[in-house]
Each structure stands twice: as structure tokens, then as C-alpha cells.
1. Would you confirm whether any residue within segment A:11-27 is under 44 Å from the mean Cα position of the chain (by Cα) and modelled with pLDDT of 85 or more?
2. Considering only residues that are touching an Asp or Glu at 6+ places or on another chain (Cβ under 8 Å) and closer than 14 Å to A:Y363 by Cβ, look in segment A:387-435 and name the one that is nearest to DNA strand B (Cβ to nearest atom).
3. Please go through (1) modelled with pLDDT of 95 or more; (2) surrounded by fewer than 16 Cβ atoms within 10 Å (Cβ to Cβ); (3) more than 20 Å from A:L178 (Cα to Cα) for A:K112 and return the number of the only condition it doesn't satisfy.
4. Here's a check for you: in segment A:36-60, which residue that is part of a loop (DSSP other than H, G, I, E, B) and on the phi < 0 side of the Ramachandran plot is surrounded by the most Cβ atoms within 10 Å (Cβ to Cβ)?
5. Give me the residue from segment A:444-475 that is within 12 Å of DNA strand B (Cβ to nearest atom) and among the polar types (S, T, N, Q) and, out of that set, farthest from A:P428 (Cα to Cα).
6. I'd like to verify a number: residues in segment A:202-221 that are more than 17 Å from A:D151 (Cβ to Cβ) and within 12 Å of DNA strand B (Cβ to nearest atom), how many?
7. More than 13 Å from DNA strand B (Cβ to nearest atom) and assigned to a loop (DSSP other than H, G, I, E, B), is that true of A:D141?
Amino acid sequence: MLLNSLKRNFFHGKTFSRNKLDLRAFCSADSITQNTSTIEELIRKQRWSKLRTHLKTTNPTSLLQQLFDSGADPVLILGFFNWSTRELSMTYSLEFACRLLHSLANAKMYPKMRSFLHGFVKNGSFNSVSSIFHALSLCSDSLCDNSIIADMLVLAYVKNMKPRLGFEAFRRAGDYGLKLSVLSCNPLLNALVKESQSESMEHVYKEMRKRRIEFDVISFNIVINGLCKAGKLNKASDVMEDMKSLGVLPNVITYNTLLDGYRKKAKIGKMYKADAIMIEMAESGISPNEITFNILIDGFCKDGNISAAMKAFEEMKSQGVKVDVITYNSLTNGLCSCGRFDEVVGLHEQMLCSGLKPNAVTYNALLNGYCKKKMVDQARRLFDDITNQGMIPTVVTYNTMIDVYCKDGRMEDAFMLRNSMLDKGLLPDISTYNCLITGLCRKGDFEGAKNLKNELINKGLRADCVTYNILIGALCKKGESKRAAKLLDEMFKVGLNPSHITYNTLMDGYCKEGNLVAALNLKTRMEKEKKLANIVTYNVLIKGFCQKGKLKEANGLLNELLEKGLIPNQTTYEIVRGEMMEKGIIPDIEGHLFNFSGSS
DNA sequence: ACTAGGCAGA
């Protein structure tokens, strides 16, 4: 009630409030009007020290109230608001902030609102999103103004790296029937994608359609990218169809994003859709650019299909698309991964001839090639060349070399390299530590590994999911899955999101100790955490049950994974085949592998 | 809004 009359007083005509003030001036001995106009003058001229003395007798809150009541220029009120929060450490109630926002909105001072909200979100994180929306709705029932404010609030959260709060604000805006725009929704979608919050991202997308928020091609591209990143390629294609049906035409970035989705998939033959996508692009009159080709080439290389990559490379050149250092690096990486070092020489010359300068990634690709082929001496020679001949080594260069030493069991060499990083002005990162921790664990030195984890934390680094996966794996290997489980709990405590690998590793530990109950409980737990069991999960469990002679259960798991649409892989077949041989059954074709039920 | 290098699981 009170608020309603207040806001009417505030928004509907300065005349009313002036009348009221005139009346007050009439009645009271000291003229508030005059006082207020003096103050306004001080703020306008930024006489802050004089204002300070003034405030010895009046408190800032009632002064702010006065400014509002007198219908002062919103820019002045904003000036006072900002100054007093900054210099006097004032905190005003949400209601004041909302009134200020509304008066700015009334005056269409949008940039001022944006920067106000930016600061508000940065410092005022103690205000819950729901309380802000509540206060906004009490202040005014102009859906239009509140929508603009909500839109800017969402954006402010996102820009301040608070996408979860931006997401909450997005939802509240829906509850209050406020309409948002792509100006806030696109950055929100993108932030959620960057944080790998694909569920929330999909929710925003669906809501945007429900609320009939206008999409642009960028909105769709972000959504498609998010879905690709989450491995949901079919959904990504569906969204592409959605956009076409809504009259938004895919552009080269849309197609690049989709191609990149296939590239990122860890599957053999993953680029099988590439041709079809390229044809569709051509039919839509969209020319591939250097990014398109770079994605294609890298994808083919990662797929082990060097000839397809080379074909794309030739096509790229014949179409006159600019070849850059990324193109060459992808090819170099592809050739090195296959051990085709001879061909790299020619490619490297071609690169230099076209005036392109190799960079750290180029040499790291070569170094990594040697490391993968266990050519440790060649690797070290190249490494010394890089560090001595004026090329700039990066943390990745060191990590690659450190890793190969660790894999080779040469821990002293690995630690020496780690120590020499500092001389080059390079700081070991979490991956450096993860390589070393893996090396120590492999040597059975769990205590050393644990100490290294403490060291990295003391150096201001954060143990990541990989660190924990390594340590959990090491404990499981020692038959200490109980201790490993404690590390899983620790991950939640330090705010890490365990990955599939985390759960699968611990589950494997339980299985090896014959604790199948714990293994199954862990599967339930991971599904509760929205990590769906994958093929590795099932392989671990099936192997565990087989080893205990529980073939019925193993078979049940096989059926379960098939029902879920998971595809058995090489390891699955090996486990099952091994089990059948044991039972004296001769496995023949794939279809017969799953017929050992009932034999236990 | 889209492109290149290293570390962890059966």
C-alpha cells in the first residue's frame, strides 16, 4: 500500500511531488526545498567535501529520500548514490536502487543503467536474485521498464562472471512475465556453454522459444556450439533445422560449428558427415573459409585419415582460401602422430616458402610425435634445439618433455626440467604437476605424489579433476579403494565436478577388490550426479561380475547397456570373449557373444 | 558465435 502510493508519487508527474514539497515548505520552519536544491547544486558541481560536512547533520539515506521526493534529475541522484556508496561505504535498501533504475529508465538513460547495474552486481552480490525481482516489481508495474532492467541485470551478471546468477535472473524474469532480448540472452547462452552447463543452456534455449524471444543467427550458433561441445550432435542438427524453419539462415559459422562438433568427437570415422555438410554449404551458396578447412583438416588428421586431410588441403589451395599456420600445424601434428616424420620435412619447407613462420605449436607437434613413438633421444635433441636456437619454448613444450621422461621412468630428468622452467620464466602449471604425479604413482610412490599435490596447492595452483583421477587410480591399484573414495568426497568439498573417468576409476578399484555392491552403489551415485554410465562404466562392471563368476548379472548389464543405446567396443568383446573361452564356449560371430546367460 | 600443441580410466 505504502509502496504503491510512493511509486505513484514518484513516477506520475513531478508536479505532484512539487506540490507536496511546496506544502511541506509552507508548513515547516526550515525549508526542505531550499535545502534540497542546495544539495543538488553541490552534487552537480561535485563539491564532495562540502557535501561531506552537510552530511554531518543529515544522514545520507534521508538525503537520498529527499532527492527522490523532490523529483531531482536522475543523473544527480545516481551521482550521489555512487559517491556515497563508494566514499561513505553506504549501503541502501534495494528499494532505492530500484527507484533509481526506474527513474533512469523513464529518462531512457540506458548506458547509465548498464554501468549502474554492473557495479551493483559486482559489489552487491549479497542481494539475492529473487529479492531484486521482488523489489523491482514493487517499485513499478511497467512491464516495459522492468523488462529492460531485467535484461541489463542478466547481462551484468554474465559480464561479472556470474553465469549461474544470470541464469537464475533469466528464470525469474520469466516468472514475472518480463521479456528479455538477445542482448542478454546470447551472452548468457555463451557463458553457460563456456562453463559446460549444457543442461542450463538447453533450458534457456527452450524457454527463449517458449517466451518468443527473437533469435538471431548468433543465438542459434551459440546453442549449436553448446550442443556440439556436449557431444549431442543429433540435437545440434535438429536446432539447425529449427533455425531454418524459423527463417534464420545458417551462415559459415553455423556450418563451421557443426563440423567442429564432429571433429571433437572421440570416435573413429567421426568425419563421415563432413562431405554432406560441405555439399549442403555449397548448395546454400555459402563459401567455406580458412576456418572451415582448418577444422576439416584437423578432424581428418585426428581421425588418422591423412590422405583425406591432404585432399582437403589441396582443395583449400585450389579454391584460393588463405592457408595459415594453423593449417600447417594440424597437418604436422597429423603426420607426426602417425610417425611419418620424413613427410614433415617437405611440409615444413612448403610452410617457410609461403612466408609463414612456424610457432611454438609447430615444434610441439613434432616433439609430441617423437614422444608418442617413444623416441626419447630425438625428442630431447629437438627440445634442446628449441631452447637453444632462439625458438620460444612454452609450458606445453616442457610438459611434453616432462611427460615422456615420466613415462620412461626417468623421474630425476623430469624433475630437473621442471626446475629449469623457472629460469626461462615459465611457471609449471597444473598439467606439469599432473605429469609428475602420474610418474610418481607409476613408480609406486604414492606418498611422493600426495606431497606433490600439497606442493601445487601451496604454490597457488588448484588440483583439478585429472589430479584426483590420477591419485584415485593409484590408490585403487594399491587395493585401497576406501581411501580413494575419500578423495572423491574431497573433490566435492573443493568444488570439483568428478568426471566419468573419476567414477569409472574408483568403480574399477571396487571391482578389483571384489566389492561389487560398492561398485553398483557408485554407479547409482554417478547417475544421481547426472553423469550417465558410459561404455567404460559397463566394461568395468561386466569384468568385475565375470571375475566373480556372476555371469547372470554380467549378462544383465550387457542387456542394459544395449537398451541404453550404448555401443559395445573392442574391450567389451574382449571381456566377453575371454569369459566364454574360460567356459569352453567357442565364440564365433559378434551376435553370439551375448548368449552366455543362464550358465551360472 | 567457429579453427592448431601436452596430462587421467576398461
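The values are calculated or read from the model by the stated rules, or taken from the named source; none is laboratory data. Keep in mind that what you see is a predicted model, and the values were worked out from it rather than measured. Cβ coordinates were reconstructed from backbone atoms using ideal geometry, including for glycine residues, and neighbour counts include every protein chain displayed.
1. No, segment A:11-27 contains no residue that is under 44 Å from the mean Cα position of the chain (by Cα) and modelled with pLDDT of 85 or more.
2. Going through the qualifying residues, I end up with A:N399.
3. It fails just one condition, (2).
4. A:L55
5. Result: A:N469.
6. Number of matching residues: 3.
7. For A:D141, the condition - more than 13 Å from DNA strand B (Cβ to nearest atom) and assigned to a loop (DSSP other than H, G, I, E, B) - is met.
Conditions tested, residue by residue: (1) at pLDDT below 95; (2) surrounded by 14 or more Cβ atoms within 10 Å (Cβ to Cβ); (3) near DNA strand B (Cβ under 10 Å from one of its atoms).
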{"position": "A:K477", "(1), (2), (3)": "yes, yes, yes"}
{"position": "A:L488", "(1), (2), (3)": "no, yes, no"}
{"position": "A:V494", "(1), (2), (3)": "yes, no, no"}
{"position": "A:Y503", "(1), (2), (3)": "no, yes, yes"}
{"position": "A:A519", "(1), (2), (3)": "no, yes, no"}
{"position": "A:E527", "(1), (2), (3)": "yes, no, no"}
{"position": "A:N555", "(1), (2), (3)": "yes, yes, no"}
{"position": "A:L561", "(1), (2), (3)": "yes, yes, no"}
{"position": "A:I567", "(1), (2), (3)": "yes, no, no"}
